[in-house]
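Asks: Before I ask anything, let me first share the structure, which is written out below as structure tokens.
What follows is calculated from the coordinates using simple rules that are stated; it is not laboratory data. Model, not experiment: these values are computed from the prediction. Because the Cβ atoms are built from the backbone with ideal geometry, glycine has one as well, and the counts that use them run over all protein chains shown.
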Amino acid sequence: MLELISSYSTLAILAAAAVHVLAFVVLTLWAKSDRKRIAQTLERFTAGLPHRSRMDFHVHLSDQIDAFLADIGDVMAQPYNSPDRVRLADRIRIIDERRDYLHSLRFETAWNVARTMIEAYPLAGVLGTILAIGSALAADDQASVNIIVTRFGDAIWSTFAGLSAAIVLMLIGSVVEPGFARLSENRLGVREMASKVKRELSINEQSGNGPSDNEQRGDEPTANEIKSSDPSNPNTSSDQPTDASA
């Protein structure tokens, strides 16, 4: 049994490395899909704004998302009664209705597993080496020299496969992980922007339903009140009763 495991350790490491590469491909496609959905949602949200950024088609989606967030920030810096702010208030439901792309726990968990398990390949190579050496030492006295040499050869190839797989996967990870980190930053930026827009627009709605102008002026008399209180006004009614005999 020990001999069988040690003989297939190299193939097992290479098969696991191939699955790991496929996992990075799936994560890349997953990140691209979420990034595209975020960009499309923000494009719908900012459609019709007079000063929306115009970018070339070859610009990375993360840069487009940053540009859309900057456009929204410019609109939120405008006065409260500006038409652009009113337009954003009408469209805030676009972001609320499609928030599944902002749920990043599953993606970040899969990314963390793929990144952490790269460190397991050198350990797997060492484990295969130990198994091969143990298999060679456990051989009986009648075992030929060729069998012992074969076991030590398996040990060397197992170590080589583990180190090579780790190097290749580290190279792939260094290429794709910056995009994953940017996606996490984009999600965080969209969540903060949505919260800010909803908070400020709700404050504006509450201030729009505040007291009227006359109530805000307090005890300031109106023109009719000044006219009625003027004693020189002949139309002013007197509180004293009139003398009927006069």
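Asks: Using 7 Å Cα-to-Cβ label points, what is the L4/R44 separation (nm, one decimal)?
Replies: Inter-label distance under the simple model: 5.6 nm.
Asks: Excluding G179 itself, calculate the net charge of residues whose Cβ lies under 10 Å from the Cβ of G179, where each Lys or Arg counts +1 and each Asp or Glu counts -1.
Replies: Working: positive: K32, R35, R182; negative: E177.
Summing Lys/Arg as +1 and Asp/Glu as -1 gives +2.
Asks: Once label points are set 7 Å from the Cα along Cα→Cβ at both I133 and V176, what is their separation, rounded to one decimal in nm?
Replies: Going by the 7 Å Cα→Cβ label model, 3.4 nm.
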